[in-house]
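The values are calculated or read from the model by the stated rules, or taken from the named source; none is laboratory data. Note that the structure is a prediction, hence the values are computed from the model and not measured. No Cβ is skipped: glycine too gets one built from the backbone with ideal geometry, and neighbour counts run over all protein chains shown.
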Amino acid sequence: MIELSAGRVAAAAGGTLLAGDPERAGPHRAVVDSRAIEPGDLFVGLPGAVADGGEFAPAALEAGAWGVLVTERNRGAALAAVEGAVGGSPCAQAAVIATGDTLAALQRLATAWRRKLGCKVAGITGSTGKTSTKDILAAVLRPHTRTHQSRENFNTEIGLPLAILEAPRNTEALVLEMAMRGEGQIAELAAIAEPDVGVIVNVGPVHLELLGTVERVAAAKAELIRDLPAGAACVVPASEPLLAAHLREDLDTWTFGPGGHVQLLAMEGARAEIEARGERIELELPFREPHNLLNTLAAVAAARAAGLPIGGPVDVRFSSLRGEIVELPGGVVVVNDCYNANPMSMRAALEHLADSPAERRIAVLGTMAELGAGSAGYHREIGERAAALGIDLLVTVGDGALGYIEGFDGETHSVATPEEAGALLEELARPGDRVLVKGSRSVGLERVLA
């Protein structure tokens, strides 16, 4: 629950309370989809490309919303819904808050709540693995600290403030993912979240259609470092040359990975022994993939940089479509990792596939989007890497994925749609096979298993 009175909610958002008791207790959370309203929610009407969300304020009020935050354009309809309500209607006591810019108001309200919480805040970005690192950090902290994390893809200028506003009053650690496609976006998210610890998991060739070079990707990610307050902590990969120029002497900088402040000393079964600036930490991990072990080191660095205790079993629940293991009838195992893809994550997924026990290893790959002019070369290189790793069979999905075949010298099949890939798998897969399904989100590869 957002423990601010209605009057303070309006003031924090920079709006005007037009209806409702200013002393009324605050809402449970903020919601931008009127169809998702539950009693006690604050509905925020955001303008969109197709429709103005504020037009749905009366429907949100009828559904039991605590109140609505709308632009001046929609204030009349919202007020009419409240003023016309009979005593027993859920609208009768609702708050109506008007503002000039509902998105900016949502963001201001989230910052006010973050300050009210007074908890440690970690902001996590990176070219790949930021969601898994967020999930791991939250799981590492949760046994020792009251922890709230952003859900799924609540990592944008809309999703991040919604995630903050879902945090309960007793939160001690807030773990937030920060996504970007262009310059200035990480800075916007950092201004909302005001993190104590900024984590950059890695830098690689993503969003090149907009940014052009990996150096510009690094600079956009490094907005997180630039905008941290003096004395805060930043966590970066050890020996990452693209970030070196962006580091600051007035920050507590932690490095992770080989040669860094936080390193993996040993992995025996589920037990990982980690050193963090001379401190020995033992964690029990439910995974062994090299990329997630590296993500774990980033999470450990973030936790210790924030001064938070960790150790013992880690019960991590990864966000959907990220390395999900699906066991099909007939003894076929599918690794459903189709939320997104870029050259870094694709290599990591193929290497894990190659290291996994299986009769045959099959890769079902869709295109890696937003790679700009060098896209063909990146796809060819991934095909070459799959061949070098001994992947037995390659299935490409869509025209954009045909470049993989140029670098792959084994058995290949090409289909146009995820549905065709699913039908082909039914014919090709045998007991004991392991199948990787991976591609950019726009390809819709989750439909392979539909």
With the requirement that a residue be within 11 Å of the chain's Cα centre (by Cα), in a loop (DSSP other than H, G, I, E, B) and of a type in the set (G, A, S), what does segment 146-191 give you?
S150, A179
If I ask for residues that are within 21 Å of the chain's Cα centre (by Cα), surrounded by 20 or more Cβ atoms within 10 Å (Cβ to Cβ) and of a type in the set (G, A, S), which ones from segment 207-251 would you list?
A218, A220, A222, A233
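Anything in segment 215-230 that is acidic (D, E) and closer than 19 Å to G204 by Cα? List them, or say none. Lay out the reasoning, then the answer.
Residues of segment 215-230 acidic (D, E): 215, 223, 227.
Correct list: E215, E223.
I124 - would you say it is touching a residue at least 24 places away in the same chain (Cβ under 8 Å), touching a Ser or Thr at 6+ places or on another chain (Cβ under 6 Å) and either buried (at least 18 other Cβ atoms within 10 Å of the Cβ) or part of a helix (DSSP H, G or I) (or both)? It would help to see each step written out before you state the result.
Values: touching a residue at least 24 places away in the same chain (Cβ under 8 Å): yes; touching a Ser or Thr at 6+ places or on another chain (Cβ under 6 Å): yes; either buried (at least 18 other Cβ atoms within 10 Å of the Cβ) or part of a helix (DSSP H, G or I) (or both): yes.
Judged against the criteria, I124 is a match.
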Quick one: would you say L283 is assigned to a strand (DSSP E or B) and touching a Phe, Trp or Tyr at 6+ places or on another chain (Cβ under 7 Å)?
no
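Condition check ((1) part of a loop (DSSP other than H, G, I, E, B); (2) assigned by TED's automatic domain parsing to the domain that holds L137) across all residues:
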position	(1), (2)
H246	yes, yes
Q263	no, yes
H291	no, yes
M344	no, no
